[in-house]
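Colleague: Got a structure for you, written out below as structure tokens; questions coming shortly.
The values are calculated or read from the model by the stated rules, or taken from the named source; none is laboratory data. These figures come from a predicted structure and were not determined experimentally. Cβ coordinates were reconstructed from backbone atoms using ideal geometry, including for glycine residues, and neighbour counts include every protein chain displayed.
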Amino acid sequence: MSGSGLEKKERRYPMMIIEAITVILLVVGCFFFLAGTLGLLRFPDLFTRLHALTNADNLGLGFIAAGMALHFGSPWTAIKIFLIWLLTLLSSATSSYLIARFRREENNPKNGKEG
Amino acid sequence: METHQIYSLTSVVLFAIGIGGVIMAKHFLKKIIATIIMGGGVFLCFVSFAQRDALTFADPVPHALVITGIVVAVTSAAFALSLARRIHQLTGEKTFPDEK
Amino acid sequence: MTDLPTSSYPALLVGLPVLMATISLFFKSRGNAVAGLIGCLLTGGLGIVSFAEVTQRGTLIHILGGWKPPLGILLRMDSLAALFIGITAVVGILISLYAWWYFSSRKVSDGKFTLFWSLWLFLWAGLNGLFLSNDLFNLYVTIEVITITAVALAVLSGRTVALFAGLRYLLAAITGSMAYLLGVALLYGSTGTLDLGLMGQALEPGATATFSLIIITLGLMIKKAAFPFHFWLPPAHSSALAPVSAILSALVVKGAFYIMLRLWTEVFGVSLSYAAGQLIGFTGAVAVIWGAWQALLQTNLKMLVAYSSISQMGYLLMAFPLLILAPGVASGSADWLAPAWTGMAYQVMAHAFAKSSLFLSAGIIVFALGHDRIESLRDLVAWKPMTAMAIGIAGVSLIGLPPSGGFMAKWMLLKGIFLSGQWWWAPAVLLGSLLTAGYVFMLLRLAFAPAREKIAFRPVPHILQVCALLLALGSFLIVLPSENLIQFLGGTESFGTGIESIMEGGVHGNE
Amino acid sequence: MDDFFIIVIVFLLLNIALGLVRLLRGPTVADRLLSTQLFGTAGMAILMVLAGYMEDLTLLNVVITFNVLSILLVICLVQVWKKKKGDTP
Amino acid sequence: MSVVIDILMAILLIYLALRCMLAPELSKTIFTFFAFGLTLALAWIRLEAVDVAIAEAAIASGFMGVLLLDSLRDFSYALSKNPKNLELPENFTIKESNKSLLLPRLALGIGFVIFLLISMEATWKTPEGGGLTAVSEELLPQSGVEHPVTAVLLNFRAYDTWLEIGVILMGLLAIFAAGGVKNYRKPSMTAVDPLLRQVILFFIPVLFLFGAFLLYFGKTGPGGAFQAAVLWGSIGILFHLGGWPIFAMIPRKLRQFLLTMGLGSFLILGFLLMAAGGAMFEYPPAYAGILILIAETLAAISIAVALTAIYVYLTK
């Protein structure tokens, strides 16, 4: 948004490489997110959807996190982002396990109609 | 269009949707959720003004008010939930008797 | 405003009940009630003492945290706030005494009623905070404190009807406070302050000011059960326990009215118009007649009293059109402002006393009979002469017969109406009184009528009847110091800016 | 770079909007919950990119909050909904 | 360019709110509401209100979400026992539904649109009041903390915050009043997945540490007592979900002490300051920082216990 075209040209060569890598990582991350969403929409039942969504989204988040970590450039921030990603991996793995288990149990509630 | 203008316009729309929900919705849970949406609209209004009045940082007073407001609104909503569930438990009703 | 005398009374008035409520939470049934009653008596005493202090020293303020407005919050105890706090203190003490004997003679096994004392003290703190507050957002917080505790008290009886009514009350109240808060947000955006006085100076007429006036007024009208939004009040008030009904109708509905009065007189001066006053007055007039008519049709005593509340609260709104001057009226010639103003204040006092007395009497009848069908009032004078007397005296005050406080209120209001030339309000006042007389005399006729069969009733502690009777007498006793009270209310030095300007020349509509 | 960040954010937001279809279509509560999971993950990604765009590292704290609360919701759903087998659905 | 994000977000917010209200199924309403809450949190971020975003995500989505999910379950199942009949007074007439609903609905719709237009005009035309940014920036150094929102919450407007802590306690009492005082439920110790327990045991320290971090970080940046309190409160909720009835295990007196600690300590602090000759909550500038931190910590513990109690009691 802010017109920093001039500054960008003056930046040094390695900065441009880092930016390019960030861009690539973010694009790949977005691609995985799209794949996950399409899987969520198109796949026939809960288990396949679960599989598509958790795998793809976490990869996507990982790529985006990596890209942003590069962008910030500070090692502490990179570590923090990495820890966040690990936490997300853990929580999404457990939640997919829990959801799958939940689904397998017989006594699934139906949707409550308003009335 | 500035950011704060977009959100302040959104805020009154949310408020109106919430009011409509409280009046029109029948199920207790929906009514309670409608009050929270209404509150979200009001708080959005506050914070959009805070962003408009930003100097080195955004106006902190509306932020503090909104945090207070969210807590108060959620407490009232929790109380309303407890009443609704108690009614459901005692009578099996999910709506007010004259709104079926 | 910050150069007025500071005092710690305002902070104590909020802090003490909260402290006592917190302490009473630590005790079980009996100890809880003792701590609660002590807390109520202390809070009430403090209220009366601080009222006396205000009559001596004029307006007191307390600058919380030492931060002056606009950033900080100011507690202000001017004569209007002192009047409301004083009424709350007197009525609150009597209701607390009643509640003490009411609960202790009930021998209720489950400990639910122990919640009454902490909730009532929190509610009292909320009321005091509301009357003292000089900050728009703080008013929101206090009104939410009042809402939550009031609804909790209303559902304390545990009946299904009370739960339904309580949920409806809560939803209506949340909607009302959110509408109020939206108005506050817009006002804050356009003035950059939350302090009432500063906002009144900074507010400029325009679309935003008008819209906030509308939305805040609508929100507060929902909360005070003004005419089109009264639907939640009768079931909520009539299904609660007797002391709770008295608290709800005598004190709680006054809270929203108080905010409305403050805002109209101190903030919205610029965006008010003659038409707005007329509209509010019209809803008040409709409420007066419609509420009284509905009361006449009821078969249950508590429902009747609840509808009567809607009617009596309508009178308060009818004073608003008198306070707003029509374009072209010179402020010097507006000699009706003082009577209208004192009429309003008297109506607040008379209604608080009379209505709490009526609900407490209804509670005595429910206590004795187990139900409150109006038919069962037959021969009341024989078996409960004191209660019958309380109902009679309170009823007379509601009708407005001399020499009651209700008479002062309606007389002053009529005087204001005729002096201002807005004669079209007079029929509503008179018709309201006539209908009120209808239902009060219906009650009294039954009370004097001989019983058809022998009535079996439980013995009622004497002290309950004494409390109800004292409250009823209170609605007469407020007439005695009328000279001093009018002077106190009109004493300019003890007035806040907005009310002072009313006494001097009314609120000007934007012409 | 800023423009690119905006494109990424808009893309992720559209992604979320697509995921809403599953939320609305259901058919079971678990499917809807999956959609909220997508919301949470994509929201975290948006927050990270926004942290770069708005140059505010405190946004990462919000990411952690999102994360721990989404797992709370899942555990709550799984635990609460399977109890009381005596009830007829 | 960044306006695109905002417009998209605004459309998403309005769409979700509408969907939430118009959905025919209750579960749809509630999950749409979660999505709405998350979007709202993103909107706070766009408006530079990070504190509010954390509070919104934690309280309005997380805590309220748990309560709503639990209620959804309650309302979705038919009751196994026969519900009691409605106990209505004689004159509690049920209004007959109006046959010709078209006209009132039309009127309501028109009124709705008019209200929307007026309110949008009012917000659009709101004059610039300037807010209190300048004043708070000027007085921030005297407040004892460096983060302006924390300064407003715990120093400039400490009275509001104190009342708010009271509101949470009153909400808990109100929930007691609605349900009648009975024993706390004893969660079944069976039926809990071993893996789930491990997860819960893993997340509890994470929540605790992150909450403590937010509490301490509130002095300099976004965070503070309420956000920390909700995270700590969810520890209690997780314990209960995992089958450890931690709330019922605490002795009654201690429970009461923990619940009232935040409100009481704040109040006693205020009274002490008043006795020392100042106004209520007028901290001496030298000790303001440490007093605020103590008050915040006590309040956070209190609120966390109260939130756990609300959850435990509401879902019994």
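Colleague: Restrict the check to the range B:54-66 and report whether at least one residue is among the aromatic types (Phe, Trp, Tyr) and either more than 23 Å from E:Val3 (Cβ to Cβ) or more than 7 Å from chain E (Cβ to nearest Cβ) (or both). Give the derivation first.
Modeller: We begin by selecting, within the range B:54-66, every residue among the aromatic types (Phe, Trp, Tyr); these are B:57.
Those still in the list that are either more than 23 Å from E:Val3 (Cβ to Cβ) or more than 7 Å from chain E (Cβ to nearest Cβ) (or both) too: none.
No.
Colleague: With C:Trp383, C:Trp425 as the choices, which residue is out of contact with any Leu (no Cβ under 6 Å at 6 or more places or on another chain), crowded, with 21+ Cβ neighbours inside 10 Å and in contact (Cβ under 8 Å) with a residue 12 or more places away in the chain?
Modeller: Criteria check complete, one pass: C:Trp425.
Colleague: List the residue pairs whose Cβ atoms are under 8 Å apart, where the first residue sits in the range E:274-291 and is closer than 20 Å to E:Tyr216 by Cβ, the second is part of a helix (DSSP H, G or I), and the two are 6 or more positions apart or on different chains.
Modeller: The qualifying pairs are E:Tyr283/C:Gly65; E:Tyr283/E:Asn155; E:Tyr283/E:Leu273; E:Tyr283/E:Leu291; E:Tyr283/E:Ile292; E:Ala288/E:Gln142; E:Ala288/E:Asn155; E:Leu291/E:Leu269.
Colleague: Give the number of residues within the range B:17-30 that are touching a residue at least 40 places away in the same chain (Cβ under 8 Å) and more than 7 Å from chain E (Cβ to nearest Cβ).
Modeller: Residues meeting the conditions: 2.
Residue by residue, here is whether (1) in contact with a Gly (Cβ under 6 Å, 6 or more places away or on another chain); (2) buried (at least 23 other Cβ atoms within 10 Å of the Cβ); (3) free of Cβ contacts under 8 Å to residues at least 40 places away in the same chain holds:
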site	(1), (2), (3)
C:Leu220	no, yes, no
C:Ala242	yes, yes, no
C:Gly255	no, yes, no
C:Thr265	yes, yes, no
C:Val270	no, no, no
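Colleague: Please determine, by comparing only the residues of the range C:50-72 that are more than 11 Å from chain E (Cβ to nearest Cβ) and part of a helix (DSSP H, G or I), which one is surrounded by the most Cβ atoms within 10 Å (Cβ to Cβ). Walk me through how you get there before you give the answer.
Modeller: So in the range C:50-72, the residues more than 11 Å from chain E (Cβ to nearest Cβ) come out as C:50-60.
This time we only want the ones that are part of a helix (DSSP H, G or I), so: C:50-57.
Working: C:Ser50: 25, C:Phe51: 23, C:Ala52: 12, C:Glu53: 16, C:Val54: 23, C:Thr55: 17, C:Gln56: 8, C:Arg57: 14.
The extreme case among them is C:Ser50.
Colleague: Condition first: of a type in the set (D, E, K, R) and under 21 Å from the mean Cα position of the chain (by Cα). Can you find one or more residues in the range C:62-85 that meet it?
Modeller: yes
Colleague: Could I ask something else about it? Going through the range C:169-192 one residue at a time, which ones are more than 15 Å from C:Thr208 (Cα to Cα) and β-branched (Val, Ile, Thr)?
Modeller: Those that are more than 15 Å from C:Thr208 (Cα to Cα) and β-branched (Val, Ile, Thr): C:Ile174, C:Thr175.
Colleague: Give me the pairs, please: first residue somewhere in the range D:13-32 and more than 8 Å from chain E (Cβ to nearest Cβ), second residue anywhere and not in a helix (DSSP H, G or I), beta-carbon distance under 9 Å, and either six or more positions apart or on two chains.
Modeller: D:Pro27/A:Asn111; D:Thr28/A:Asn108; D:Thr28/A:Pro109; D:Thr28/A:Lys110; D:Thr28/A:Asn111; D:Ala30/A:Asn108
Colleague: Something else now. For B:Met38, all conditions in the list (1) assigned to a helix (DSSP H, G or I); (2) surrounded by fewer than 23 Cβ atoms within 10 Å (Cβ to Cβ) hold save one; what is the number of the exception?
Modeller: With respect to (1) assigned to a helix (DSSP H, G or I); (2) surrounded by fewer than 23 Cβ atoms within 10 Å (Cβ to Cβ), B:Met38 is out only on (2).
Colleague: Suppose we filter the range C:9-49 for residues that are surrounded by fewer than 18 Cβ atoms within 10 Å (Cβ to Cβ) and either touching a strand residue (DSSP E or B) at 6+ places or on another chain (Cβ under 9 Å) or within 30 Å of C:Gly197 (Cα to Cα) (or both); how many remain? Reasoning before the result, please.
Modeller: Of the range C:9-49, the ones surrounded by fewer than 18 Cβ atoms within 10 Å (Cβ to Cβ) are C:26-31, C:34, C:38, C:41-42, C:45, C:48-49.
Applying the additional criterion that residues be either touching a strand residue (DSSP E or B) at 6+ places or on another chain (Cβ under 9 Å) or within 30 Å of C:Gly197 (Cα to Cα) (or both) yields C:45, C:48-49.
Result for the range C:9-49: 3.
Colleague: From the list E:Leu259, E:Leu293, E:Leu273, E:Leu263, which one is of a type outside the set (Ser, Thr, Tyr) and more than 10 Å from chain C (Cβ to nearest Cβ)?
Modeller: E:Leu293
Colleague: Quick one: count up the residues across the range C:382-404 that are not small (Gly, Ala, Ser) and not in a helix (DSSP H, G or I).
Modeller: Start the filter on the range C:382-404 by keeping residues that are not small (Gly, Ala, Ser), which leaves C:383-387, C:389, C:391, C:393, C:396, C:398-399, C:401-403.
Still in the list and also not in a helix (DSSP H, G or I): C:384, C:401-403.
Total satisfying the criteria: 4.
Colleague: Given the criteria buried (at least 23 other Cβ atoms within 10 Å of the Cβ), under 27 Å from C:Val91 (Cβ atoms) and in contact (Cβ under 8 Å) with a residue 24 or more places away in the chain, does C:Leu435 qualify?
Modeller: Details: buried (at least 23 other Cβ atoms within 10 Å of the Cβ): no; under 27 Å from C:Val91 (Cβ atoms): yes; in contact (Cβ under 8 Å) with a residue 24 or more places away in the chain: yes.
No.
Colleague: Condition first: touching a Lys or Arg at 6+ places or on another chain (Cβ under 6 Å), at pLDDT below 90 and surrounded by fewer than 24 Cβ atoms within 10 Å (Cβ to Cβ). Can you find one or more residues in the range C:202-211 that meet it?
Modeller: yes
Colleague: Mind telling me which of the residues E:Leu18, E:Leu42 ends up being facing chain D (nearest Cβ under 7 Å) and among the aliphatic types (A, V, I, L, M)?
Modeller: Numbers: E:Leu18 fails: facing chain D (nearest Cβ under 7 Å).
Result: E:Leu42 is the single residue among E:Leu18, E:Leu42 that is facing chain D (nearest Cβ under 7 Å) and among the aliphatic types (A, V, I, L, M).
Colleague: Going by the structure shown, is D:Leu20 touching a Lys or Arg at 6+ places or on another chain (Cβ under 9 Å) and closer than 16 Å to A:Gly36 by Cα? Please lay out each step first, then the result.
Modeller: Values: touching a Lys or Arg at 6+ places or on another chain (Cβ under 9 Å): yes; closer than 16 Å to A:Gly36 by Cα: yes.
The answer is yes for D:Leu20.
Colleague: For the range C:283-291, does any single residue satisfy the condition of being touching a residue at least 60 places away in the same chain (Cβ under 8 Å), aromatic (Phe, Trp, Tyr) and either under 21 Å from C:Leu398 (Cβ atoms) or surrounded by fewer than 22 Cβ atoms within 10 Å (Cβ to Cβ) (or both)?
Modeller: yes
Colleague: Then there's this: Residues in the range C:180-202: is at least one under 30 Å from C:Phe116 (Cβ atoms) and part of a helix (DSSP H, G or I)?
Modeller: The initial filter retains those residues of the range C:180-202 that are under 30 Å from C:Phe116 (Cβ atoms), namely C:180-181.
Applying the additional criterion that residues be part of a helix (DSSP H, G or I) yields C:180-181.
Scanning the range C:180-202, I find at least one residue that is under 30 Å from C:Phe116 (Cβ atoms) and part of a helix (DSSP H, G or I), so the answer is yes.
Colleague: Are any residues in the range E:31-67 under 16 Å from D:Val78 (Cα atoms) and over 13 Å from the mean Cα position of the chain (by Cα), and if so, which ones?
Modeller: Passing the criteria: only E:Phe31.
Colleague: Give the residue that is farthest from E:Gln256 (Cα to Cα), with candidates limited to residues of the range E:145-174 that are of a type in the set (Asp, Glu) and at the interface with chain C (Cβ under 7 Å from one of its Cβ atoms). Write out each step before concluding.
Modeller: Applying the first criterion (of a type in the set (Asp, Glu)) to the range E:145-174 yields E:146, E:160, E:164.
After this cut, where a residue has to be at the interface with chain C (Cβ under 7 Å from one of its Cβ atoms) as well, the list is E:160, E:164.
Numbers: E:Asp160: 23, E:Glu164: 18 Å.
The qualifying residue farthest from E:Gln256 (Cα to Cα) is E:Asp160.
Colleague: Filter the range B:67-100 for residues that are among the basic types (Lys, Arg) and at the interface with chain E (Cβ under 7 Å from one of its Cβ atoms); which is surrounded by the most Cβ atoms within 10 Å (Cβ to Cβ)? Write out each step before concluding.
Modeller: The first filter runs over the range B:67-100 and keeps only residues among the basic types (Lys, Arg), leaving B:85-86, B:94, B:100.
Among the residues that remain, those that are also at the interface with chain E (Cβ under 7 Å from one of its Cβ atoms) are: B:85-86, B:94.
Values: B:Arg85: 23, B:Arg86: 21, B:Lys94: 19.
Result: B:Arg85.
Colleague: Is it the case that the range C:445-465 has a residue that's of a type in the set (Gly, Ala, Ser) and within 22 Å of C:Ile87 (Cβ to Cβ)?
Modeller: No, there is no match, as no residue in the range C:445-465 is of a type in the set (Gly, Ala, Ser) and within 22 Å of C:Ile87 (Cβ to Cβ).
This table checks each residue for (1) within 14 Å of another protein chain (Cβ to nearest Cβ); (2) in contact with a Leu (Cβ under 9 Å, 6 or more places away or on another chain); (3) in a helix (DSSP H, G or I); (4) at pLDDT below 85.
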position	(1), (2), (3), (4)
C:Gly269	no, yes, yes, yes
C:Leu279	no, no, yes, no
C:Ala285	no, yes, yes, no
C:Ser309	no, yes, yes, no
C:Gln312	no, yes, yes, no
C:Tyr315	no, yes, yes, no
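Colleague: E:Ser302 - would you say it is of a type in the set (Gly, Ala, Ser), surrounded by fewer than 24 Cβ atoms within 10 Å (Cβ to Cβ), part of a helix (DSSP H, G or I) and out of contact with any Lys or Arg (no Cβ under 9 Å at 6 or more places or on another chain)?
Modeller: Working: of a type in the set (Gly, Ala, Ser): yes; surrounded by fewer than 24 Cβ atoms within 10 Å (Cβ to Cβ): no; part of a helix (DSSP H, G or I): yes; out of contact with any Lys or Arg (no Cβ under 9 Å at 6 or more places or on another chain): yes.
So E:Ser302 fails the test.
Colleague: Sticking with this one: Tell me the residue from C:Phe457, C:Phe407, C:Phe418, C:Phe441 that is assigned to a loop (DSSP other than H, G, I, E, B) and among the aromatic types (Phe, Trp, Tyr), please.
Modeller: Step by step, each of C:Phe457, C:Phe407, C:Phe418, C:Phe441 is checked, and only C:Phe457 is assigned to a loop (DSSP other than H, G, I, E, B) and among the aromatic types (Phe, Trp, Tyr).
Colleague: I'm told C:Gln201 meets every condition in (1) in contact (Cβ under 8 Å) with a residue 40 or more places away in the chain; (2) more than 10 Å from chain E (Cβ to nearest Cβ) except one. Can you identify the failing condition by its number?
Modeller: The failed condition is (1).
Colleague: E:Leu238: in a helix (DSSP H, G or I), crowded, with 23+ Cβ neighbours inside 10 Å and modelled with pLDDT under 90, yes or no? Walk me through it before giving the result.
Modeller: Working: in a helix (DSSP H, G or I): yes; crowded, with 23+ Cβ neighbours inside 10 Å: yes; modelled with pLDDT under 90: yes.
So E:Leu238 passes the test.
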